[in-house]
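The next block holds one structure in the form of C-alpha cells; read it before the comments.
The values are calculated or read from the model by the stated rules, or taken from the named source; none is laboratory data. The structure presented is a predicted model; accordingly, all values stated were derived computationally and were not measured. Note that we place each Cβ from the backbone using ideal geometry, even for glycine, and neighbour counts take in every protein chain shown.
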Amino acid sequence: MSVPDFTARPQLSEDVARYVRKRIFDGTYSAGEYVRLDQLAAELGISVTPVREALFELRSEGLLAQQPRRGFVVLPVTERDLADVANLQAHVGGELAARAAASIDDEQLRLGLILVIARVHYAERYTGGTPFPGPLPCKIRILCVQLVTACSRRRQVGYWANMSARGPLWA
C-alpha cells in the first residue's frame, strides 16, 4: 500500500496571521485598535483557537501587544521599523543587482534601465507631480544615466550594485 502524496498546506493559524498582518499594514486595523478573538473568529467562520495562535504569532513579531483581560492591541509602526524595512530592501536589492550584473548582457541592462526611467516619468506625470519626497526622481535619473553609460564596463555595474547594498543612494 502506498502512502498518499499530501501537499504542504499552511496551518489555519498561519492563514489567519497573514490575514491580520495584511489588515494591519493596509490600515484596516490602526494603531491602538483592539483585535477581538471572538469577533475575528466569527468574521472568518472558524474557531477561536487558530485565531488565538495567530495573534500570539503577531505578538511575537511585534505587531500586537497583549493586555491582560483586554485582548490584543495593534502597535504603532515606528520610524525605526520603516528604516529597518528600507535597509533590508536596499541590502537585498543590492545583492540581487550584483548577481544580475554578472549574467546580464549590455542590451538587457540598457532596456531595464530605460524601463525604470519610463516608470519614474509615468509616476511623475500621472500623480500630479512628483510621487516621491525631495529630489529622488532627479537622482534616479542621474543614477540611471550613469549606469547606462557604464553598461560596457561590468566592473562599474558591480560597483553600483554594491553601493546600493550599503543603503539608499538618494539619502
Check: Quick one: is GLU95 modelled with pLDDT under 80 and out of contact with any Leu (no Cβ under 9 Å at 6 or more places or on another chain)?
Finding: yes
Notebook entry, point to check: Among GLY71, GLY94, GLY27, which is the only one that is among the small types (Gly, Ala, Ser) and under 30 Å from LEU113 (Cα atoms)?
Noted result: GLY94
Margin query: Residues that are more than 30 Å from GLY32 (Cβ to Cβ), out of contact with any Asp or Glu (no Cβ under 7 Å at 6 or more places or on another chain) and either at pLDDT 75 or above or part of a helix (DSSP H, G or I) (or both): does segment 127-138 have at least one?
Written below: yes
Margin query: I'd like to know if segment 41-51 contains one or more residues that are among the acidic types (Asp, Glu) and touching a residue at least 40 places away in the same chain (Cβ under 8 Å).
Written below: no
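Let's see how each residue does on (1) out of contact with any helix residue (DSSP H, G or I) (no Cβ under 7 Å at 6 or more places or on another chain); (2) in a loop (DSSP other than H, G, I, E, B); (3) among the hydrophobic types (A, V, I, L, M, F, W, C):
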site: ASP15; (1), (2), (3): yes, no, no
site: VAL20; (1), (2), (3): no, no, yes
site: SER30; (1), (2), (3): yes, yes, no
site: GLN39; (1), (2), (3): yes, no, no
site: GLU57; (1), (2), (3): no, no, no
site: VAL73; (1), (2), (3): yes, no, yes
site: ALA83; (1), (2), (3): yes, no, yes
site: GLY94; (1), (2), (3): no, no, no
Note to self: I'd like the residue in segment 41-55 that is touching a helix residue (DSSP H, G or I) at 6+ places or on another chain (Cβ under 7 Å) and of a type in the set (Val, Ile, Thr) and, out of all such residues, is nearest to VAL85 (Cα to Cα).
What the structure shows: VAL51
Margin query: If I filter segment 77-84 for residues that are out of contact with any Leu (no Cβ under 9 Å at 6 or more places or on another chain), over 24 Å from ARG23 (Cβ atoms) and small (Gly, Ala, Ser), do I get at least one hit?
Written below: no
Note to self: For segment 16-28: of the residues being of a type outside the set (Val, Ile, Thr) and in contact (Cβ under 8 Å) with a residue 24 or more places away in the chain, which is surrounded by the most Cβ atoms within 10 Å (Cβ to Cβ)?
What the structure shows: ALA17
Check: Which of the residues that make up segment 75-91 are farther than 20 Å from PHE56 by Cα and not small (Gly, Ala, Ser)?
Finding: THR78, GLU79, ARG80, LEU82, ASP84, VAL85, ASN87, LEU88, GLN89, HIS91
